[in-house]
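See below for the structure under consideration.
The values are calculated or read from the model by the stated rules, or taken from the named source; none is laboratory data. In this text, all values refer to a predicted model and were calculated from it rather than measured experimentally. For neighbour counting, all protein chains shown are included, and Cβ atoms are generated from backbone atoms with ideal geometry for every residue, glycine included. Remember, those area values only see protein heavy atoms, side chains included, never the ligands or the DNA or RNA. Shrake-Rupley method; radii C 1.70, N 1.55, O 1.52, S 1.80 Å.
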Amino acid sequence: MLNVVYAFASLVPRDPKRWVFGAWNGIKFIDNPKHVFLHVVEQLPTVRATWITKDRNLATELQEIGLPAVHAASLGGIWAQLRAGVVVFTHSVEWDLWAPLIANRVMRVQTWHGMPIKRIGYDDDKGFSAARARLNTRLFPYMDDRVDLVTAAGSADQACYRSAFKVLPEAIVLTGYARNDALVRSMKGSTPDGRKQVVYMPTLRGPAGAEFTLFDATNFDFLTFDQECRRICIDLWVKLHPVQRFRSADLIALSNCEHIHAWTDAGDIYESIGRFDILVTDFSGIYFDFLISGRPIVMAPLDMAGYLEFDRNLYYEYEEICPDPPCMTWSEIFARLGELSIGEDKPTQRYLELQQRFHVHLDGKSAERVTASILQLIDASQTKSVDVIA
């Protein structure tokens, strides 16, 4: 039945001035597509932009603040996807929108959802099967993973995306990540009382929707480390991956802490991450994003052996991308945080070299460049069509 829908959708004329956007399985209003969408809505009146969501409540919330959003299965959502000439997403067309309506002639813009440390797409030899993907495409054409444009921040992720998405080099454009425009805007510095604000953002472990069990696996003593936070004058916020869940026992333990907090806001972390003075992370792409801030980053690959065995392999030798030697235990992490909590920290030469390696742009204008790249690709496509006809 869905193949029939796809065949019909392939016959519907597409409008290059109609763009649809989706993110995170269609249930969140975050990440790179969000910030490209907002830029288009505010700065490009000739384009009809529509946010597609699979969550009716989210559609209503966005409509109430004046944004053009529709539910994917509503009449408006179906029509928007049927007529769209451009689709912008974070993961895949199949995951983020209603794929049968996105036909083969639609321009697909892959913004991804974080510069990769861990292997992704066709490079992920543990979680991805190229043979299965090819079979799925033959049986269900709407599951085609073709992309026409990939946004990248620097030469490093540009190289990763070429193999991960099986695209030609010219399809990967160094625009910077649109979501980092919000990071740049949100940078403010330390809190007035002098306490350093630290955010711990570990990568996803296990499948989407799984509980975060690393605290238990690494014997994290909540009360002991809460006292340590008080001693070294920091507040520590724990922000899990968007599709990871806290264990109930951990939430209870965190509720009893004074200086360690669970960040449970499901909104866009990039709107507020700039208020943090220090980042602690492991294999998350947030590391690369936070490099833009010039602020300290503590690399903490806890249970690295377990992650590499059961989750993903990495694109880099881990220490190759660390601004400082990584911390392998919670005691080492808090010792490093104690050192960083004193005084002002300026980026080291190594930090600046990593920043330059992974980011071409630091100016907070990436959404503008993404939009310009899409328009250029549309123009090139239309010119090519005219040449063929002639």
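General observations
- Added length on full extension, which subtracts the Cα-Cα distance from 0.36 nm per residue, Glu339 to Asp303: 10.6 nm
- Taking Cβ atoms as reference points and 11 Å as the exclusive limit, the residues near Phe358 contribute a net charge of -2, counting Lys and Arg as +1 and Asp and Glu as -1.
- Residue-span extension gain [Asp148 to Met187] - 0.36 nm each, minus C-alpha spacing: 10.7 nm
- Within straight-line cross-link reach of Lys365, aspartates and glutamates at Cα separation under 12 Å, skipping those fewer than 8 residues along the same chain: Asp181
- Helix 222-232 axis versus longest C-alpha principal axis of the chain: approximately 80°, rounded to the nearest ten.
- Apportionment of accessible area to carbon and sulfur, the chain, percent (1.4 Å): 54 percent
- Surface analysis of segment 283-390 yields an accessible area of 51 Å² per residue, using protein heavy atoms and a 1.4 Å probe.
- For the chain, the residue among Leu135, Leu101, Trp24 whose Cα projects farthest onto the positive side of the dipole built from Cβ charges is Leu101.
- As a ratio to 2.2 N^0.38 Å, the alpha-carbon radius of gyration computed for segment 39-142 takes the value 1.22.
- When Rg and Dmax of the Cα atoms in Å is calculated for this entry, the matching label among (i) 21.7, 75; (ii) 27.5, 82; (iii) 21.0, 63 is (i).
- For the chain, averaging the sequence separation of C-alpha pairs within contact (under 8 Å, six or more residues apart) and dividing by the residue count gives a relative contact order of 17 percent.
- Across Lys28/Lys239; Lys34/Lys118; Lys166/Lys239, pairs whose alpha-carbon gap is larger than 27 Å: Lys166/Lys239
- Acute angle (nearest 10 degrees) that the helix 330-340 long axis makes with the longest principal axis of the chain, alpha-carbon atoms: 90 degrees
- Intensity falloff of segment 125-256 expressed as log10 I(q)/I(0), Debye formula with alpha-carbon point scatterers, at q = 0.10, 0.16, 0.17 Å⁻¹: -0.59, -1.06, -1.11
- Using alpha-carbon coordinates, inclination of helix 155-164 to the longest axis of the chain, degrees: 60 degrees
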